[in-house]
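Undergrad: My structure is below; once you've seen it, I'll send some questions.
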Amino acid sequence: MRKKIVAGNWKMNLTIGEGNALVADILQKLPQLNEQNQVVFAAPYLHLHSVVRDTQASPFVSVAAQNCHHEKSGAYTGEISAFMLQDAGVKYVLIGHSERRAYNQEDNALLVKKIDAALCNNLQVIFCCGEPLEIRDSGTQNAYVEQQIKESLFHLDAAAMVRITVAYEPIWAIGTGRTATAEQAQDMHQHIRQVLAQQYGATIANGTSILYGGSCKASNAVELFAGADVDGGLIGGAALIASDFLGIIDAMIASK
Ligand code: PGA
């Protein structure tokens, strides 16, 4: 059985004090998690040390970075490598978030290098994909997302692919308050799973967690997570408020 995951992507928000308080509040009220229902905090680099420290005693709660550099070390001012992240106790890294693709010119070729660096350093990858509005409006979203997956993931062998979680985040739904319908999410997740099955076979495709992201909130999470191929969510805005995030975690646990 594949894992369900609710991952909170804090983006460039929260001071250290605010982050510590948020994690403490969530951990105090956290329902029982297990191998099948896990929580991830994707915090800014500055927070990683304290979030790793504060979640260490919580099984099934992990920490993610929001990015990594593809080289191990060297003269890359301002960068953090996957090697440094795993040393800091980080377990996951987000790769390919649409904001980084847009604002930091990250293309699929660079994402390949980052994914390889992450896997080489024993990190697990939450690979983000998703189409802009004009692609959705033209009805070609399946081909667009398929291309992103092929160009960034298909160089991996099966042993590496099992360490990838996919997050489908339609760009038009991120931070806009406009969520994909449960049907749109399920249709795309099913498509992604088929694409993975063609390359890696049904066992690996069925074992890969595919998260939905884009204006997911406690109020729509139950409906979104009801999709047979929707295995949780990558949450932005609603991950910054303990009660909202906990509501989404409850929806994950209650799903399927
Ligand atoms: P949002 O962001 O939940 O604020 O739409 C999701 C994301 O970008 O991961």
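The values are calculated or read from the model by the stated rules, or taken from the named source; none is laboratory data. Remember, predicted model here, so these are calculated numbers, not experimental data. Because the Cβ atoms are built from the backbone with ideal geometry, glycine has one as well, and the counts that use them run over all protein chains shown. Just the protein is used for accessible areas: all its heavy atoms, side chains included, with ligands, DNA and RNA removed. Shrake-Rupley method; radii C 1.70, N 1.55, O 1.52, S 1.80 Å.
Undergrad: Tally time: how many residues in region 1-29 are assigned to a loop (DSSP other than H, G, I, E, B) and more than 23 Å from I210 (Cβ to Cβ)?
TA: 4
Undergrad: When you check D137 against the structure, is it in a helix (DSSP H, G or I), open to solvent by 30 Å² or more (accessible area, probe 1.4 Å) and either of a type in the set (F, W, Y) or closer than 25 Å to F83 by Cβ (or both), yes or no?
TA: For D137, the condition - in a helix (DSSP H, G or I), open to solvent by 30 Å² or more (accessible area, probe 1.4 Å) and either of a type in the set (F, W, Y) or closer than 25 Å to F83 by Cβ (or both) - is not met.
Undergrad: Among the residues of region 203-222, count how many are surrounded by fewer than 16 Cβ atoms within 10 Å (Cβ to Cβ) and not small (G, A, S).
TA: Matching residues across region 203-222 total 2.
Undergrad: Against the conditions (1) more than 14 Å from the ligand (Cβ to nearest atom); (2) of a type in the set (A, V, I, L, M, F, W, C); (3) surrounded by fewer than 24 Cβ atoms within 10 Å (Cβ to Cβ), where does I171 fall short? Just the number, please.
TA: With respect to (1) more than 14 Å from the ligand (Cβ to nearest atom); (2) of a type in the set (A, V, I, L, M, F, W, C); (3) surrounded by fewer than 24 Cβ atoms within 10 Å (Cβ to Cβ), I171 is out only on (1).
Each row is one residue, and each column tells you yes or no for (1) more than 15 Å from the ligand (Cβ to nearest atom); (2) open to solvent by 20 Å² or more (accessible area, probe 1.4 Å); (3) in a loop (DSSP other than H, G, I, E, B).
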site: Y144; (1), (2), (3): yes, yes, no
site: I149; (1), (2), (3): yes, no, no
site: T165; (1), (2), (3): no, no, no
site: A180; (1), (2), (3): no, no, yes
site: D187; (1), (2), (3): yes, yes, no
site: H191; (1), (2), (3): yes, yes, no
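Undergrad: While we're on this one: From the set of residues in region 37-92 that are touching a strand residue (DSSP E or B) at 6+ places or on another chain (Cβ under 7 Å), outside any loop (DSSP other than H, G, I, E, B) and of a type in the set (G, A, S), which is surrounded by the fewest Cβ atoms within 10 Å (Cβ to Cβ)?
TA: S81
Undergrad: Moving to a separate point now. Can you find, within region 224-239, the residue that is most open to solvent (accessible area, probe 1.4 Å) among those that are out of contact with any Leu (no Cβ under 7 Å at 6 or more places or on another chain) and within 15 Å of the ligand (Cβ to nearest atom)?
TA: Residues of region 224-239 that are out of contact with any Leu (no Cβ under 7 Å at 6 or more places or on another chain), as a first pass: 224-229, 235-239.
From the residues that got through so far, the ones that are within 15 Å of the ligand (Cβ to nearest atom) too are 224-225, 235-239.
Numbers: L224: 4, F225: 1, I235: 1, G236: 19, G237: 57, A238: 14, A239: 1 Å².
Ranking the qualifying residues of region 224-239, first place goes to G237.
Undergrad: So, one more: Can you say whether Y103 is aromatic (F, W, Y) and touching a strand residue (DSSP E or B) at 6+ places or on another chain (Cβ under 7 Å), as far as the supplied structure shows?
TA: Against the criterion (aromatic (F, W, Y) and touching a strand residue (DSSP E or B) at 6+ places or on another chain (Cβ under 7 Å)), Y103 does not qualify.
Undergrad: Sticking with this one: Among (1) under 19 Å from G213 (Cα atoms); (2) free of Cβ contacts under 8 Å to residues at least 60 places away in the same chain; (3) of a type outside the set (D, E), where does G139 come up short?
TA: (1)
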